[in-house]
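The values are calculated or read from the model by the stated rules, or taken from the named source; none is laboratory data. What you see is a predicted model; the values in this text were computed from it and never measured. Note that we place each Cβ from the backbone using ideal geometry, even for glycine, and neighbour counts take in every protein chain shown. For the accessible areas, the whole protein counts, side chains as well, though only heavy atoms, and no ligand, DNA or RNA atoms are used. Shrake-Rupley method; radii C 1.70, N 1.55, O 1.52, S 1.80 Å.
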Amino acid sequence: MNFKNVFRWHLPFLLLLGVFSVRAAAADTLLILGDSLSAGYRIPLENAWPSLLADKWQASPGAPKVVNASISGDTATQGLARLPALLKKHQPRWVLIELGANDGLRGFAPQDIQQTLSKIITLVKQADAQPLLMQIRLPPNYGRRYGDAFYAIYPALAAQYKVPLLPFFMEQVAIKPQWMQEDGLHPNRDAQPFIAGWMAERLNPLVNHAS
């Protein structure tokens, strides 16, 4: 028997099998593309809510792998710039988009923020991943007119692209001073277990790893 011929005949099949194996391994990845609210601002990374969510899901067979690609201070534009490399590296099945807060805090035009988030959603879809969009709300001191225009970005995008819109976890956290850092903008370490559990409840029906 000519083993070289056998290997040559089976090589395409083996390569194809390898591709499917990689895709299968990557199919259960949830990529979190966020800013300081998900990056664990001024707290150890292992204590940030995405890490606690990963720990919670680790005990569940077949649960998704969590990749936290959040960076403190990131705007939507910065998240968009990083996204192609992240999609290529992690090949996620789902991408949770938690961006826009820093754009709003800097007073960027709502239409520009919406356009950038639209590009993020489009890139995620083009990568055959499911976008999951998180609603963001600005503190009330930014004015009602701007705050309402900013808030409206997220349901509009969710309706346009038919993607799930998750509620903003900070609305549950900011009302408890004991869960907030001194800057009044970021959750502290004590709030992270609550956020992880709260997010797990809302993500579990969306991240259906059985399908």
Review point. Does region 146-154 include one or more residues that are open to solvent by 20 Å² or more (accessible area, probe 1.4 Å) and either closer than 23 Å to Asn204 by Cα or at pLDDT below 95 (or both)?
Key: no
Revision key, fill the gap. Of the residues in region 25-56, those that are crowded, with 22+ Cβ neighbours inside 10 Å and assigned to a loop (DSSP other than H, G, I, E, B) come to Asp35, Gly40, Ala48
Review point. Any idea which of (1) over 20 Å from Pro139 (Cα atoms); (2) at pLDDT 95 or above is the one His209 doesn't satisfy?
Key: (2)
Practice item. Could you tell me whether any residue of region 57-75 is assigned to a helix (DSSP H, G or I), open to solvent by 20 Å² or more (accessible area, probe 1.4 Å) and modelled with pLDDT of 95 or more? Key: no
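Got a sec? Which of Leu138, Leu105, Leu165 is in contact with a Gly (Cβ under 6 Å, 6 or more places away or on another chain) and surrounded by fewer than 22 Cβ atoms within 10 Å (Cβ to Cβ)?
Leu138
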Review point. Out of region 110-135, which residues are surrounded by fewer than 18 Cβ atoms within 10 Å (Cβ to Cβ), touching a Leu at 6+ places or on another chain (Cβ under 9 Å) and within 15 Å of Ala76 (Cα to Cα)?
Key: Ser118, Lys119, Leu123
Check your understanding: Taking region 78-102, which residues are charged (D, E, K, R) and either surrounded by 23 or more Cβ atoms within 10 Å (Cβ to Cβ) or under 20 Å from Pro155 (Cβ atoms) (or both)?
Key -> Glu98
Practice item. Please state which of the following conditions Pro92 fails to meet, knowing it meets all the rest: (1) of a type outside the set (S, T, N, Q); (2) touching a Leu at 6+ places or on another chain (Cβ under 9 Å); (3) assigned to a loop (DSSP other than H, G, I, E, B); (4) without any contact (Cβ under 8 Å) to a residue 60 or more places away in the chain. Key: (4)
Point to revise | Failed item in (1) at pLDDT 95 or above; (2) surrounded by 13 or more Cβ atoms within 10 Å (Cβ to Cβ); (3) farther than 20 Å from Asn102 by Cβ, with Pro177 passing the rest | key: (2)
Check your understanding: What number of residues within region 99-123 are under 13 Å from the mean Cα position of the chain (by Cα) and within 24 Å of Tyr41 (Cβ to Cβ)?
Key -> 4
Revision key, fill the gap. Looking across region 192-211 at residues that are free of Cβ contacts under 8 Å to residues at least 60 places away in the same chain and closer than 18 Å to Ile32 by Cβ, the single one that is farthest from the chain's Cα centre (by Cα) is Phe194
